[in-house]
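One structure is given below, encoded as structure tokens.
The values are calculated or read from the model by the stated rules, or taken from the named source; none is laboratory data. Remember, it's a predicted structure, so these values are computed and weren't measured experimentally. Cβ atoms come from the backbone with ideal geometry, glycine included; neighbour counts cover every protein chain shown. Areas reflect the complete protein model, heavy atoms only, side chains present, ligands, DNA and RNA absent. Shrake-Rupley method; radii C 1.70, N 1.55, O 1.52, S 1.80 Å.
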Amino acid sequence: QVQLVESGGGLVQPGGSLRLSCLASRIIFSFYTMGWYRQAPGKQRELVAVVTSDGDTNSADAVKGRFTISRDNAKNTVYLQMNNLKPEDTAVYYCNAMFRMYSYWGQGTQVTVSS
């Protein structure tokens, strides 16, 4: 079945950086819009950033200028480079793959920003 496997989360101090990766399998990766979402305790899941099959990107206002989404179709992988992390970025980060009526989620990776 389709698998999205996130990695790269962890504990980082405010102002630090992390790079998340999401490896997709059993999909035609280049067809899919890939996205990163996050969910903090007690809050709804929210969009962080997306990259379309054409390479167009969009991101939430809260992360603009700090986070960058990118994809490598040859490696079936989408990345989220996160710089200047803040405590409010603490959440479980999920990878999503979407194409027409198909939508798949990864299991999530924890990002904790704390001193």
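Among the numbered conditions (1) touching a strand residue (DSSP E or B) at 6+ places or on another chain (Cβ under 9 Å); (2) without any contact (Cβ under 8 Å) to a residue 40 or more places away in the chain; (3) more than 16 Å from Val2 (Cβ to Cβ), the only one that Asp61 does not meet is (1). Tallying residues that are part of a strand (DSSP E or B), of a type in the set (Val, Ile, Thr) and either open to solvent by less than 70 Å² (accessible area, probe 1.4 Å) or under 15 Å from Gly10 (Cα atoms) (or both) within region 44-80 yields 6.
Entry remark, region 81-112: residues being at negative phi, outside any strand (DSSP E or B) and open to solvent by 20 Å² or more (accessible area, probe 1.4 Å) number 7 in total. Of the residues making up region 1-38, those that are among the polar types (S, T, N, Q) and in a strand (DSSP E or B) are Gln3, Ser7, Ser21, Ser25, Thr33. For region 8-30, a residue qualifies if it is within 16 Å of Thr68 (Cα to Cα) and either acidic (Asp, Glu) or surrounded by fewer than 16 Cβ atoms within 10 Å (Cβ to Cβ) (or both), and the qualifying residues are Gly15, Gly16, Ser17, Arg19.
Checked against (1) farther than 13 Å from Asp89 by Cβ; (2) modelled with pLDDT of 95 or more, Leu20 passes all but condition (1).
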